[in-house]
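The values are calculated or read from the model by the stated rules, or taken from the named source; none is laboratory data. Everything numeric here is computed off the predicted structure, so don't read it as measured data. Counting neighbours? That spans all protein chains shown, and the Cβs are built from the backbone with ideal geometry, glycine included. Quick note on the areas: whole protein, heavy atoms, side chains included, nothing else; ligands and nucleic acids left out. Shrake-Rupley method; radii C 1.70, N 1.55, O 1.52, S 1.80 Å.
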Amino acid sequence: QVTLVESGGGLRQPGESLRLSCRCSGFTFSSHGINWYRQAPGNERELVASITWNRLTDYAESVKGRFTISRDNAWNKVYLQMNILKPEDTAVYYCNLKKDGLDYWGKGTLVTVSS
């Protein structure tokens, strides 16, 4: 079955960097796009970054120029490199696959940006 497992979250100070990973299994990874969402306390889940099967990328305005999404088809992983972190980036970050009309989610990884 489809499994998405996020890792790499943690505590960082403003201005620092962090790289999240999403390990994917249970589907033909190289044929599907993957998304990163985040959800801050009291907020709705929001789309942060997307990468298509052929590596086209898109970003939320709030993270453009700071975050980079990438994929490694050899390891079935998607990464989210987050630079110049801000306190407002604090959230649980989720990996997402949209396949056959369904949404698949990982359990998330917590990113906290605080001085």
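A search for C-beta distances below 7 Å between a residue of the range 25-39 that is closer than 9 Å to TRP53 by Cβ and polar (S, T, N, Q) and any residue that is open to solvent by 30 Å² or more (accessible area, probe 1.4 Å) and in a loop (DSSP other than H, G, I, E, B), counting only pairs 6+ apart in sequence or on different chains, returns SER30/TRP53; SER30/ASN73; SER31/TRP53. Of the residues screened, PHE67 is not one that is open to solvent by 20 Å² or more (accessible area, probe 1.4 Å) and at negative phi.
When the residues of the range 34-48 are filtered to those that are under 15 Å from VAL92 (Cβ atoms) and of a type in the set (A, V, I, L, M, F, W, C), the one that is most open to solvent (accessible area, probe 1.4 Å) is LEU47.
The numbered conditions (1) small (Gly, Ala, Ser); (2) open to solvent by 30 Å² or more (accessible area, probe 1.4 Å); (3) within 17 Å of LEU4 (Cβ to Cβ) are all true for GLY108 except (2). The set of residues in the range 77-105 being outside any strand (DSSP E or B) and open to solvent by less than 50 Å² (accessible area, probe 1.4 Å) consists of LEU85, ASP89, THR90.
Just name the residue that is farthest from ASN73 (Cα to Cα) out of those in the range 7-33 that are open to solvent by 60 Å² or more (accessible area, probe 1.4 Å) and of a type in the set (S, T, N, Q). Among them, the one singled out is GLN13.
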